[in-house]
Structure formats: structure tokens, C-alpha cells
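The values are calculated or read from the model by the stated rules, or taken from the named source; none is laboratory data. Everything quoted here is computed from the prediction, not taken from an experiment. Ideal geometry is used to build each Cβ from the backbone, glycine not excepted, and the neighbour counts take in all protein chains shown. Calculation scope for accessible area: heavy atoms of the full protein, side chains included, ligands and nucleic acids excluded. Shrake-Rupley method; radii C 1.70, N 1.55, O 1.52, S 1.80 Å.
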Amino acid sequence: MDIKNFIDNQECIPLSGLWLENVNPAIGQVYGEIPNSGADDVEKAYQAAVAAFESWSVTTVEQRSKIMLKIADLIDESLEELAAAESKDNGKPLSLARRIDIPRASSNFRFFGHAITQFATKTHETTGKNTINYTLRKPLGVVGCISPWNLPLYLFTWKIAPALAAGNCVVAKPSEVTPLTAYLLGDIVKKAGLPPGVLNIVHGLGGSCGQAIVAHPGIKAISFTGGTSTGAHIAATAAPMFKKLSLELGGKNPNIIFADCDYDKMMDTTVRSSFANQGQICLCGSRILVEQSLYEKFKADFVKRVQELRIGPPDHPDTQVGAVVSAAHRDKIETYFAEAKNNPAHDNASSVDAYNILCGGKRQVVQGHENGFYLQPTVIEVNSNYCRLNQEEIFGPVVTLMPFKNEAHALELANGTQYGLSASLWTNDLSRTMRLTDKLEAGIVWVNTWLNRDLRTPFGGVKNSGVGREGGFNALEFFTEPKNVCIEY
Ligand code: NDP
């Protein structure tokens, strides 16, 4: 299946005539081509967007909302097609794409279709000085949205929907590793009545196509989700042009488990928060920290549960763990297996970094899919929070495990990384909950739950996990510029 760019509501081939291969990770085979777009394609998309902005920016809120809601309905109607496409492109279980990814994509459009009708501006009356200030919020113009491969349509629409709802025109690039659902979205937005040029989707590599969006002097803001080092590069390119930047970056999230928690609920959720989407969710709890008194019991029960997870073809209804996204990503994850194997705890008790692989650490051969990129869900006991496996984002089906002595120790371990995206806390002690939620260095803290999302809440990280917040009115504020008008009468 060949994918095209979507510019001015038309399907376009790349101006260079260059293409990239699109691989199905479940079978390790090329199944189509995608445009290897460059700066000239981005320029073409930008010109279409600029031309459309004049009318889209003054379209009534009701009309914009109506189109957003229609897009949401059409995504729902295409659930099966989109879920199958997402699973094929990414390797994730079809059941997960059907239950999470695609419904969330339609929720994103529905949510911002409603939110824009409730987005109010502020007035400040300066009493005694016959003065009134009112603040307008204007769309920015043409904005760039760049998204990663782990939750392809889910994260792509999480950026595009608020940008469009707020009256901007968009040049967007999905990850070249998972372009298929973004391509299918083009047809959906056209059917929903989105005018030509309002949303333009260009496919290609980050370093060329993505970079051209970030470096384009006419593109006023960049909303980016991806890795921390890419985020730093984007900031360095965009900052001298004073572009608005929203950066949702990597995480190394702690899952902190106290002995007084609701054990069964914690165990079920921890299996999920460790390995959902093959561990390729920025919010996965990849560092499991367990109170000493519960540690041995947790370790035995958790490893047993992880070994029971069913690894298999994404389209099989029983599959819980599918393929990781690409051969390159599989190889990267395997370097962490090698690091653990080369520094085993028993031979190396005095070494700073010593690892004990409790389960997994290998490729999984799936019958009939021998060339697919399957890895076993892996649990590795570590002896230090400062080892490579606890400090670097692996972004795969790998979690580490270590005990903590007390609350202060738990907090020190939890906060001891460059990242600060999310944290999960398992306890039934209210005072401890209040103390720790106050001190945890994370943009999102879940207590006795995980990935429990309300789209009105601020979403984003602290430290090297990003800058800015998505979600709710935060996103609409990002995609608009305030203008204050002061009148003395
Ligand atoms: P990358 O940073 O490699 O890429 C993200 C996107 O940016 C892709 O579309 C990529 O294109 C593009 N890109 C790469 N280089 C540039 C550049 N120089 N200029 C502009 N765009 C560029 O991340 P991954 O796709 O590997 O995604 C995984 C990462 O995303 C993890 O670190 C994960 O934590 C993070 N993430 C963060 C989330 C959050 O909300 N904080 C949510 C989900 C993921 P291409 O694919 O062609 O390289």
C-alpha cells in the first residue's frame, strides 16, 4: 500500500520522487512505500496552509466545532479499518488499537470540538480609573505538529485537534515508522468538510522533513512529542526564531509500591503499566520500586504474572504482547539485555552496576511470524538506581525492580533521574500520599491507578521530560496568542 502526502486536500507524491519503505513489524516485511519528503514538500504544505488561514481563522467557532465533531464520528465509523492499520504499522495488539488508540483519536477531536465552544477570554475592569481591559486570544497562523510512532493516531490527533479548533492551519508530520493512520486521516478530514489547506500531512524522515518544519521561518509554533535528545535539537533550532514550543519528551517513570497497598489491584495494574503496548508508552512505569517488607513476595508474584503474558501476532485475539515497532528499535532494546547479561549480579556483587534478569531478556520466536520483531517481557533486578538501565529510557518491554527502605529512600530513588514525566504511587496511607505527591518530581502523579486520563487535565513533564502542558484549555492557550486591549472611557 502506497502512502501519499496530503496537501490542500489532495494526495501528492513527494516532489523529489524519493520514497521510503514501510515495514510491518509483526512479520518483518516491507508492505508499502511512503514519501521521503523534503523542504520543498514542506514549503508546498506551508503555502497551502497560509492561503487557508485567512478564511479558517475567521470561521465561526460553531462551524469549526461542527467539523471537529464530524471528524470524530467518521473516525468512530472507521474504527475497524483504522485499528487494523495501526496494528499492522506498529505491531501492537489489534485489540489494544481497537480499545485504546482509535477511540482516543476520536475523543481528541470530540473533546476539542466541544472545548473550543467553552474557551473564554478574560476582562479586567480597573475600578476608579474608567478603564477596562479585555484579552483576545488569536490563532497563531500556521503551526507544526510532529508526533512519534508509539501511539500514532492517538498522539497525532492530540496535537492537531486543538490546533485546528483554535483556528490555526497545520503542517503535520507523523513518525515515518508508523504513517498509515495519519494517511487515512486525510480522507476522513476531507469527508468531514475541513477546507483545503487547513490540515496538511507530510511524510518523511525526522532529520529532513521534520527539521524543515521546525526550521521554517513562517511556522509559528511547534508541538512535538518524541525523545528528549530530539526535543533538545528542536528547541535549539526553533528558539532563535522565538517560536512557541510545546515539547512532550521521554520518561523513566517510577512505580512506587508500599506494603499497605491494595495488592491485587496494584499487581494487575503494574503488569499493565509495565508492558502495555510492549512497554512503548512514555507513561509506562519502567522503574518498579517496592517497599522492603513486600519485596520478595512482589518479586515472585510479578515474575510469575509476567511469564504468563501471551506474546503473539498482533491480530490474534489472545495476544497481550505484540511486536516492537522496528528492527532498529528491537536492536536498541537488546543492547540493554546485553548490558545486564555482561554485568550479572552474582559474579559482580561489588560492582556499582549489577543486574539479575528475573525473566525474559531474549527474542521470542512466534510461529508463522519468524521474521517479526518480538521480545520477551523482561524484568531485571538492579542494585543501584544510578545504573544505565535505571537512568536511560529503554522504551520497550523491560522493567527494573529494586527495594526501598522507607519513604525518604523511595522519594530519593523516584526523583533520581533526569526525567520527570509521571509517577505512580501505591499506598492506602493518606498522609503518606499527601507528603509524597507533594515531593515527587513529575508532571503527572497517579495514586492507586495508572493511565487514568481526563482530557481536561494538564499533561506534560518536568525536568528533561519536556516543556509546556497539553490537554484541556492548556492546549488551546498554547495554540493561541493573547492580545490585551485597554480602553479608558
Ligand atoms: P523521536 O524523537 O525519534 O521522533 C519523534 C518525531 O520527531 C518523529 O516524527 C521523528 O521523525 C521526528 N523527528 C526526529 N528528528 C527530528 C528533527 N530533527 N526535527 C523534527 N522532527 C524530528 O521519538 P520516537 O519516534 O522514537 O518516539 C519515542 C519517544 O517519544 C520516546 O522518547 C518517548 O518517551 C517519547 N514520547 C513522549 C511522550 C510524552 O507525552 N511525553 C508520549 C509518547 C512518546 P522520524 O520518525 O522520521 O525520525
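A few notes on this one:
- Any hit, the range 127-146, residues being free of Cβ contacts under 8 Å to residues at least 24 places away in the same chain, in a strand (DSSP E or B) and among the polar types (S, T, N, Q): no
- Among (1) within 13 Å of the ligand (Cβ to nearest atom); (2) in a helix (DSSP H, G or I), the one test that residue 117 misses: (1)
- Scan of the range 269-323 for residues that are under 17 Å from residue 95 (Cβ atoms), in contact with a strand residue (DSSP E or B) (Cβ under 8 Å, 6 or more places away or on another chain) and among the hydrophobic types (A, V, I, L, M, F, W, C), ordered by number: 275, 309, 311, 321
- Scanning the range 376-427 for residues that are touching a residue at least 60 places away in the same chain (Cβ under 8 Å) and among the basic types (Lys, Arg) returns a single hit, 405.
- Test for residue 409: is it open to solvent by 40 Å² or more (accessible area, probe 1.4 Å) and outside any strand (DSSP E or B): no
- Selection within the range 306-331 - outside any loop (DSSP other than H, G, I, E, B), more than 16 Å from the ligand (Cβ to nearest atom) and either crowded, with 18+ Cβ neighbours inside 10 Å or among the small types (Gly, Ala, Ser) (or both): 306, 311, 321
- Here 155, 180, 136 are screened, and the one residue that is within 10 Å of the ligand (Cβ to nearest atom) and either assigned by TED's automatic domain parsing to the domain that holds residue 20 or touching a strand residue (DSSP E or B) at 6+ places or on another chain (Cβ under 6 Å) (or both) is 155.
- Just one of the listed residues (415, 448, 484, 464) is modelled with pLDDT of 95 or more and within 16 Å of the ligand (Cβ to nearest atom), namely 464.
- On inspection, residue 105 passes the criterion of being open to solvent by less than 30 Å² (accessible area, probe 1.4 Å), of a type in the set (A, V, I, L, M) and in contact (Cβ under 8 Å) with a residue 60 or more places away in the chain.
- Residue in the range 270-277 that is under 23 Å from the mean Cα position of the chain (by Cα) and without any contact (Cβ under 8 Å) to a residue 12 or more places away in the chain present: no
Each row is one residue, and each column tells you yes or no for (1) of a type outside the set (S, T, N, Q); (2) surrounded by fewer than 22 Cβ atoms within 10 Å (Cβ to Cβ); (3) within 17 Å of residue 386 (Cα to Cα).
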position: 413; (1), (2), (3): yes, yes, yes
position: 416; (1), (2), (3): yes, yes, yes
position: 422; (1), (2), (3): no, no, no
position: 432; (1), (2), (3): yes, yes, no
position: 439; (1), (2), (3): yes, yes, no
position: 448; (1), (2), (3): no, yes, no
position: 456; (1), (2), (3): yes, yes, no
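- Entirely in the range 1-76, the strands (runs of 3 or more DSSP E) that have 1 or more residues that are touching a residue at least 12 places away in the same chain (Cβ under 8 Å) and surrounded by fewer than 18 Cβ atoms within 10 Å (Cβ to Cβ): 10-12, 19-24, 29-35
- Leading residue by the ranking (surrounded by the most Cβ atoms within 10 Å (Cβ to Cβ)) among those in the range 248-281 that are within 16 Å of the ligand (Cβ to nearest atom) and in a helix (DSSP H, G or I): 278
- Looking only at the range 158-177, residues that are more than 10 Å from the ligand (Cβ to nearest atom) and part of a helix (DSSP H, G or I) come to 7 in all.
- Residue list for the range 359-396, filter: of a type outside the set (Ser, Thr, Tyr) and either touching an Asp or Glu at 6+ places or on another chain (Cβ under 6 Å) or open to solvent by 50 Å² or more (accessible area, probe 1.4 Å) (or both): 362, 363, 364, 365, 367, 368, 370, 371, 383, 387, 388, 392
- Boolean, residue 232 is surrounded by 24 or more Cβ atoms within 10 Å (Cβ to Cβ), more than 29 Å from residue 78 (Cβ to Cβ), within 11 Å of the ligand (Cβ to nearest atom) and assigned by TED's automatic domain parsing to the domain that holds residue 58: no
- Considering only residues in the range 208-227 that are under 13 Å from the mean Cα position of the chain (by Cα) and surrounded by 21 or more Cβ atoms within 10 Å (Cβ to Cβ), the one that is nearest to the ligand (Cβ to nearest atom) turns out to be 226.
- Test: residue in the range 389-412 that is in the same structural domain as residue 442 (by TED's automatic domain parsing), charged (D, E, K, R) and within 26 Å of the chain's Cα centre (by Cα): yes
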